[in-house]
Structures are given as C-alpha cells and as structure tokens.
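Asker: I have a structure I would like to understand better, so I am pasting it below and will then ask my questions one at a time.
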Amino acid sequence: MERRQFLAGVGALTVYGFAGAAEKAAPLRGPDVIFVPTPNEVVDTMLKMAAVTRKDTVYDLGCGDGRIVITAAQKFGARGVGIDIDPERIREATDNVSKAGVADRVKIVRGDLFQADISGATVVTLYLLTDLNLKLRPKLLKDLKPGTRIVSHAFSMGDWKPERTAEVGGTNIYLWRVPAPKG
Ligand SMILES: C[S@@+](CC[C@H](N)C(=O)[O-])C[C@H]1O[C@@H](n2cnc3c(N)ncnc32)[C@H](O)[C@@H]1O
C-alpha cells in the first residue's frame, strides 16, 4: 500500500507519529475499560496466531501504550494503526512508536474505537471485555473485509466460535476470521 493511501484512511481522526501531524481532536468521552497492558509473550502469540506478515495492516482497538502495533511492525514487518480514546495513552504510544523507530509504519490515532474507520485492517487485535467485544461484533462484521483476522486477549465473542484458541501464561487468546457475506 502507498504511504499516501495509508495516511488517507484515518483522515477524520487525529493522527500522531508522523512529522507535521497536528492535534485537532474534539474532547472525547472517557474510556470504556482502563489500560492494562498485554504481556509481551501474549502479544507475540496473538500476532503469530493471526499469521501476521509484512503485507498486513494491524489495527489495535484500544491500543494503550502501542505495544501490539509496535511489535507487529518491529518483529513482523507489518503496518500498524493504534486507536485509543485516552489522550494520556496517545501521548505514551506516540512516544513509544518514535523510540522504537517505526513511525514510518505505525500511526497512533485518537478516537473512539466504536466510531473509527477500521476498513483498512487485515488484522484486528483486542484486549477489551466480553461485553465490549459483543457490542463491537456487528461493526467488525460490517466494516472489515472477509478474511480479516481478529485476535482477542482474554475475552471471547459470545456465541461466535473462534477458529483457534491458545493459552499463554494462564490467559486465553481467541482467533476469528471475518466470513464472506451470506448469499
Ligand atoms: C486493556 S487496555 C489494552 C491496551 C492494549 N491493546 C494492550 O493489549 O496492551 C484497553 C485500552 O482501551 C482503551 N479504550 C477504552 N475504551 C475505548 C474506546 N471507546 N475507544 C478507544 N479506546 C478505548 C483504553 O484507554 C485502554 O488503553
């Protein structure tokens, strides 16, 4: 994907991590769930389960300190978009992207994950809560391309059966694939 196309995908939101990007965010509501980082070994397993490669664009919905999208870029060569509603997390993630030297491939966007444009994702990562996953599920099925992989740390999607599960350090990881539309 051209860098220009990649940047255009989130034009309506605040983009950090690229030279010249300026904050233009209106005040947003508070987070639906507090920041708890995914342990690094769980991050690695999530990205391996999704079979992430350099061809992928990984969206982390509620990106916290940015560790999932940074790892996707550093270890798997992917592009990443981290979306978070909390300005403190945005500052931290943007700083971490810069320190990790992946600002050409990872952007951090301030926004509400329920409103964000996620259509550019080929992989979506989640560490939310089961009720938030269930609330998000219709958007995932509507906005994502068939074949897009979704990986969730710890929380399931109710009656949507995962394609795979794994257990790392006592926590479950779930993988789904967006199906082709029926009919
Ligand atoms: C449990 S943390 C997960 C952080 C990161 N994904 C990880 O796995 O390390 C959840 C994150 O979601 C963010 N968040 C909560 N509600 C949100 C919303 N509606 N839109 C965007 N981000 C949200 C929080 O600010 C927090 O950083």
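Results for (1) near the ligand (Cβ under 10 Å from one of its atoms); (2) surrounded by fewer than 20 Cβ atoms within 10 Å (Cβ to Cβ), shown as yes or no for each residue.
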residue: 54; (1), (2): no, yes
residue: 61; (1), (2): yes, no
residue: 68; (1), (2): yes, no
residue: 80; (1), (2): no, no
residue: 92; (1), (2): yes, yes
residue: 99; (1), (2): no, yes
residue: 109; (1), (2): yes, no
residue: 116; (1), (2): yes, no
residue: 126; (1), (2): yes, no
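Asker: Just checking, how many residues over the stretch 139-158 are aliphatic (A, V, I, L, M) and surrounded by 21 or more Cβ atoms within 10 Å (Cβ to Cβ)? It would help to see each step written out before you state the result.
Answerer: Our first condition is that a residue be aliphatic (A, V, I, L, M); within the stretch 139-158, this holds for 140-141, 144, 150-151, 154, 157.
Checking which are surrounded by 21 or more Cβ atoms within 10 Å (Cβ to Cβ) leaves us with 144, 150-151.
Count: 3.
Asker: Kindly indicate whether residue 36 is near the ligand (Cβ under 9 Å from one of its atoms) and at pLDDT 95 or above.
Answerer: yes
Asker: Still on this model: Only one of (1) open to solvent by 30 Å² or more (accessible area, probe 1.4 Å); (2) touching a residue at least 24 places away in the same chain (Cβ under 8 Å) is not met by residue 136, so which one is it?
Answerer: Residue 136 satisfies every listed condition except (1).
Asker: For a quick check of your reading of the model, give me the residue pairs whose first member lies in the stretch 153-182 and is in contact (Cβ under 8 Å) with a residue 60 or more places away in the chain, whose second is open to solvent by 70 Å² or more (accessible area, probe 1.4 Å) and part of a loop (DSSP other than H, G, I, E, B), with beta-carbon atoms closer than 8 Å and at least 6 apart or on different chains.
Answerer: Pairs found: 175/163.
Asker: In the stretch 39-93, what residues are more than 27 Å from residue 170 (Cα to Cα), among the β-branched types (Val, Ile, Thr) and part of a loop (DSSP other than H, G, I, E, B)?
Answerer: 85
Asker: In the stretch 11-21, is there at least one residue being buried (at least 17 other Cβ atoms within 10 Å of the Cβ) and modelled with pLDDT of 95 or more?
Answerer: No, the stretch 11-21 has no match at all.
Asker: Starting from residues that are among the small types (Gly, Ala, Ser) and either open to solvent by 10 Å² or more (accessible area, probe 1.4 Å) or without any contact (Cβ under 8 Å) to a residue 40 or more places away in the chain (or both), keep the ones in the stretch 26-52 and report whichever is nearest to residue 178 (Cα to Cα).
Answerer: 51
The values are calculated or read from the model by the stated rules, or taken from the named source; none is laboratory data. Since we're looking at a predicted model, the values are computed, not measured. Note that we place each Cβ from the backbone using ideal geometry, even for glycine, and neighbour counts take in every protein chain shown. Only protein heavy atoms, including side chains, enter the accessible area calculation; ligands, DNA and RNA are left aside. Shrake-Rupley method; radii C 1.70, N 1.55, O 1.52, S 1.80 Å.
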